[in-house]
């Protein structure tokens, strides 16, 4: 498999991207494919990783407490259809017979997908990936904007997401109390303030 060059590939497939990743043992850059388009993402920087870590801690504790699913993070293959392979920064997938998904298969169902914006990924995260997650019925998609200190919250049928800068509320099951994330406190920790 040749490494991508500046010459556009006609149409990338999930299998081609998996083969490409076999040649990149460090998992960076990260390769994804949506509708035949190859997306290449450089390794995340410190603030980006801090944002992911902050969400992982909050989401993992909540999801485990209520046995709602399994929390994962990139690099991890998520394949909601045969032609696409994505690696959300953070995601939650349903449990399979009470356990986390098998390591032998790509993740094929999501309860939540989260992307933390970086300059090289903003268009893909806000448009390409959002449409993909909406098309395949992912119940909720968050786009975390570190510069704006806000989160865009999207659901499948929405043409406009909700821009949040105070509280982010996630309630995947009505029988369970919601997770409430204080966004000013979250962003202050990401930016190492206070």
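Just so you know, all these numbers are worked out from the coordinates, no wet-lab data involved. Fair warning: this is a prediction, and the values are worked out from it, not measured in the lab. Counting neighbours? That spans all protein chains shown, and the Cβs are built from the backbone with ideal geometry, glycine included.
What the table below lists for this structure:
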quantity	calculated
Cα long-axis angle, helix 46-66 against the chain (0 to 90 degrees, to the nearest 10)	60 degrees
Listed residues 17, 174, 114, most fluctuating in the chain (Gaussian network, C-alpha, under 10 Å)	174
Among 126, 11, 58: highest mean-square fluctuation, GNM of the chain, C-alpha pairs under 10 Å	11
Exposure proxy ranking, count of Cβ atoms within 10 Å, fewest first, for 57, 73	57, 73
Ascending count of other beta-carbon atoms within 10 Å, so fewest first, for 20, 39, 164	164, 20, 39
Residue of 78, 180, 138 that the Gaussian network model of the chain assigns the largest fluctuation, springs spanning Cα pairs under 10 Å	180
Alpha-carbon Debye profile of segment 120-165, log10 I(q)/I(0) at 0.26 Å⁻¹	-0.94
Dimensionless Rg/Rh of segment 44-190 - Kirkwood Rh, Rg from C-alpha atoms	0.93
